[in-house]
Amino acid sequence: MNNETILRERCREALKLTKSHGADEVEVFAQTVHSISADIEKHDLQTSSSQQETMVGIRALVNQQVGFVCTNVLDDLEATCVDVVKLAKASPKDENNVFADPVTFEPVPDLYDSHSESFSVSDAVAQTIRMIEAADAIDPRLVIGGGTFSANRELRCIVTSKGVDLAEKASLFTYYALATAKDGEKVSNMAFHFDACHFVKDVNVVPVTARACQDALGSLGAQKGESFVGPVILAPTAVEDVLVGLFAFQLNAKNALRGSSRWGKSLGEAIAHTSLTVTDNGRLPGGVATRSFDREGMPHRELVLIDAGVAIALMHNGYTARAMGSTNTAHASGSARSTPGIGLTNLSIQPGNKSKDDLIADVKQGLLVNRFSGSSNPISGDFSGVAKAATLIKNGKLDRPVTGTLIAGNVFEVLKNLSGVSSETERTFAATLPYLRLEGISVTAE
Amino acid sequence: MQELLTRIANQSSGWIELRFQERKTKQIAVRNGTLEESSSKRIQGIGVRALIDGVFGFASTTDLTEQGILRAVAAAQGAARTSSGAKKHRIKGLADASMGVGTFPVPTTDPLDNHSLEEKLALVMTIDERIRKGSSLIVSSSTSYGEIQDEKIIVTSDGAKAHVFISIPEFRVMAVAQKDGDQCFGNGANGVNGGWQDLMSLTPPEELADYAVRIAVEQLDAPHPPGGLATVVLDPGLVGVLSHEAIGHSVEADIVLGGAITANKMNQKVASELVTMVDSGVSEHRPHATGTLAVDDEGVATRKTTLIENGILRSYLHNRETAAHFGVEPTGNARAFEYSDAPIIRMRNTYIEPGVTPVEELIAGVEDGFYMCGLGFGGQADSNAEFMFGVREAREIKNGRIGKLVRGATISGNAFDVLNSVDAVGSDFRWDLGASTCGKSQSAKVDAGGPHLRCKGTIGGRQ
């Protein structure tokens, strides 16, 4: 029997055992993860490692009362099945606790590279060495203070008493570099870039390292900035820092259901400038979060969340779809270690028609922010923090790097005053994002 | 298990560290009176670290048979050999340390398992209802209880034989208030290393709930603060955040070697002479701090480490590797969150020692400034000690009196500049970050706190 067959059989066994101990409905979600990684610390290889774990998560319903247990102690699975029924029986009844019927769909192609099976610890080590060498080739003042190359192979399996019976393999290579530049007593901001791919042939750690290095070098020698209220251009990483958490919160149907999302009450209304269109696509080719099905076995699909400034959809899992009488959008998130939540898969802000340089050229006095270190409150929309690796813009041109500069505003307000979306996009950790020009931002030089 | 691990360690060629961990967790989460999660988790496994030719290799396994463990040992040694050809700076050795031997129980008389699931669930439901009834402006409530119970057996080939038990319960609340389409939230959280009553007596859940409601509602009508440098009085919560996030990470020896601003600052003045800062495996001043541990995950007995003494930088935080590099004793800061994590340098309980000034005097001495309490939404710090923290509750101080609340306040600056600006240290003390989890490639349960401090910081506001 191959690994997929063994894991599926294990899930089916757990389902039967849990039912035999009194569950009305059962969902068993299992994952086997093989992980190889090599870490960089202080510009040198630190540790390399290999790991494998199989985790089984069981959700049981007894009279629409729910419990969840997960374990990697597979020799004692029956004890876990007994525990989950006990947890369910101690919980209050909720009529929205119903598992979904199975849906047929086409699996996403190109998720798994069989060459990943022969990817070794020494291959991961070689990639980290390549990152360090890439930094050395750029400038001797650079230090890769931290970084990781990981090669992961994952087998996911879900079996439910409603007839869902799915398994899928995926391989994923992820890598990031944290670069700092040091010149005498001057220490730059820490700069971070990330990339990922599903196939061995697509691995390329050099560009991501180079971007982190260039950002670090760019912030060396930064001096005090200027205080003003005006335009700020957020680079993709800063867009993620300021906006993506708020999008994930406000467009989460669970938060709408509980009354803590204002966009949940504004569907069909303009919440942003018409230049803003936001989609989420769990089937995005090459996406970090791309998989055929979600944590509840429902097929991923592309969903337009904000269309030309109008909030038109929320992300649902099975519970919120039933509770709100909506369509399940297959956004059940999480792993075998947790109950299904609701989360973004591969978020994209659609590109605009002006280049980044054109966005800068229109600005008389403004700030370009590569990274944002601060808070962005997803409920009130207030954001405030330090502009990292920031550059002052004067008369349509980049002027000089600045440090100790705070930016503040309210996301709900600035989205309506969005004055530019770049045609260029970059993949950040969680999304694919353009540069955004926001108006009326409070900029304070310390 | 300890005998088996000891035998394998003794028979291995070269230095080896074997760490068994069984973790049991429970989580109960309620939102608006509806149960969102009632779950438990049980994981077991062994992490193995080998040191060969000056290079570490790590592997983990869930196969707890002797053969399974030996396979993990071989994998860790293989990873070390593979890396040895690529690493530029080999580890010259591991610093000698006082290795942990013995059994280290949870410091409590009221273990979590003495309390039923039904009791815990009922408390969470009751507190969630209290939040919703706290004000007619509350539109959403969120309440959760979580617990982590760890059993670890740490054995090294050079003498550690420690059997460690850790128990961390925590309680969280959040309230969302709404008025004229505007929403604000208030929150509170508690956590201890101890048992049920230890958690309940720290700050009763009812008080956490009432506080969250008050902050959420009051912020709805609060103005944004003006931005700029201001005199501030920080409460023990923010002092803990500053100590941990902005200073603590910059004195972790691995970060120091990566180019932190504290490199080459040893025995130099980095803060006001009123400031003495500590990281400790012991829970000084008040019991049950969450980061308390007797033995770290390299098997080293922990101790109190004075980082800054009367303003002078005196120590970094070390594992055995960095201690050997700097020629000092290990401080017992090597920690791993789960069996599948290799130990890295982490903080434990980080705090500033209390001073002599009563809190009322700290505040009375401010003509125009802010009183700032607790970590709000968000916060980050860099290895150059630049930081920005969202503040949970910020109030104006005018002519020595605490006044109205401002909303969305942040504090930022360079942490060492802030510590240099300290002109008074309170005589009080409180742990405040007991429900916090620190992230640095893996999680760690830590605590932090201290007295009130008066200093200068940049308030993030609006022009």
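The values are calculated or read from the model by the stated rules, or taken from the named source; none is laboratory data. On a predicted model such as this, the values are computed, not experimentally measured, just so you know. Every residue, glycine as well, gets a Cβ built from its backbone with ideal geometry; the counts of neighbours run over all protein chains shown.
A few notes on this one:
- Per-region count, region A:141-177, residues farther than 24 Å from A:ARG337 by Cβ, surrounded by fewer than 22 Cβ atoms within 10 Å (Cβ to Cβ) and within 14 Å of chain B (Cβ to nearest Cβ): 1
- The residues on offer are A:GLY381, A:GLY374, and the sole one that is within 14 Å of chain B (Cβ to nearest Cβ), within 18 Å of A:ASP241 (Cα to Cα) and surrounded by 24 or more Cβ atoms within 10 Å (Cβ to Cβ) is A:GLY374.
- Output for region A:36-53, where each listed residue is closer than 30 Å to A:ALA23 by Cβ and within 7 Å of chain B (Cβ to nearest Cβ): A:GLU53
- Within this structure, B:VAL139 passes the test of being at pLDDT below 95, farther than 19 Å from B:GLU170 by Cβ and in a strand (DSSP E or B).
- Within region B:258-273, residues that are within 12 Å of chain A (Cβ to nearest Cβ) and within 14 Å of A:MET190 (Cβ to Cβ) sit with their Cβ atoms under 7 Å from residues that are part of a loop (DSSP other than H, G, I, E, B) and among the charged types (D, E, K, R), at 6+ positions apart or across chains, in these pairs: B:GLY258/A:LYS42.
- Subset of region B:160-173 [under 20 Å from B:PRO105 (Cα atoms) and touching a residue at least 60 places away in the same chain (Cβ under 8 Å)]: B:ALA160, B:LYS161, B:ALA162, B:HIS163, B:VAL164, B:PHE165, B:ILE166, B:SER167, B:ILE168, B:GLU170
- Region A:355-371 - residue that is surrounded by fewer than 21 Cβ atoms within 10 Å (Cβ to Cβ) and either within 14 Å of chain B (Cβ to nearest Cβ) or not small (Gly, Ala, Ser) (or both) and, of those, farthest from the chain's Cα centre (by Cα): A:LYS364
- For region B:185-210, the set of residues classified as in contact with a helix residue (DSSP H, G or I) (Cβ under 7 Å, 6 or more places away or on another chain), within 17 Å of B:LYS133 (Cβ to Cβ) and either free of Cβ contacts under 8 Å to residues at least 24 places away in the same chain or outside any strand (DSSP E or B) (or both) consists of B:PRO205, B:GLU206, B:ALA209, listed by residue number.
- Verdict on A:SER442 being in contact (Cβ under 8 Å) with a residue 60 or more places away in the chain, assigned to a strand (DSSP E or B), surrounded by fewer than 23 Cβ atoms within 10 Å (Cβ to Cβ) and within 10 Å of chain B (Cβ to nearest Cβ): yes
- In the set (1) surrounded by 17 or more Cβ atoms within 10 Å (Cβ to Cβ); (2) in contact (Cβ under 8 Å) with a residue 60 or more places away in the chain, the condition left unmet by B:GLU66 is number (1).
- Matching residues in region B:79-94 - criterion: being surrounded by 16 or more Cβ atoms within 10 Å (Cβ to Cβ) and facing chain A (nearest Cβ under 7 Å): B:ALA79, B:THR82, B:SER83, B:ALA86, B:LYS87
- Check on A:LEU276, touching a Ser or Thr at 6+ places or on another chain (Cβ under 8 Å), away from chain B (no Cβ under 14 Å), part of a loop (DSSP other than H, G, I, E, B) and not hydroxyl-bearing (Ser, Thr, Tyr): no
- Extreme residue, surrounded by the fewest Cβ atoms within 10 Å (Cβ to Cβ), among residues of region A:311-336 that are in a strand (DSSP E or B) and touching a helix residue (DSSP H, G or I) at 6+ places or on another chain (Cβ under 8 Å): A:ALA311
- For region B:341-385, a residue qualifies if it is in a loop (DSSP other than H, G, I, E, B) and within 23 Å of B:GLY281 (Cβ to Cβ), and the qualifying residues are B:ASP341, B:ALA342, B:PRO343, B:ARG346, B:MET347, B:ARG348, B:GLU353, B:PRO354.
- Checked against the criterion of being within 19 Å of the chain's Cα centre (by Cα), under 26 Å from A:GLU53 (Cβ atoms), at pLDDT below 95 and buried (at least 20 other Cβ atoms within 10 Å of the Cβ), the candidates A:THR345, A:THR339 yield just one match: A:THR339.
- B:VAL48 facing chain A (nearest Cβ under 10 Å) and under 30 Å from B:SER136 (Cβ atoms): no
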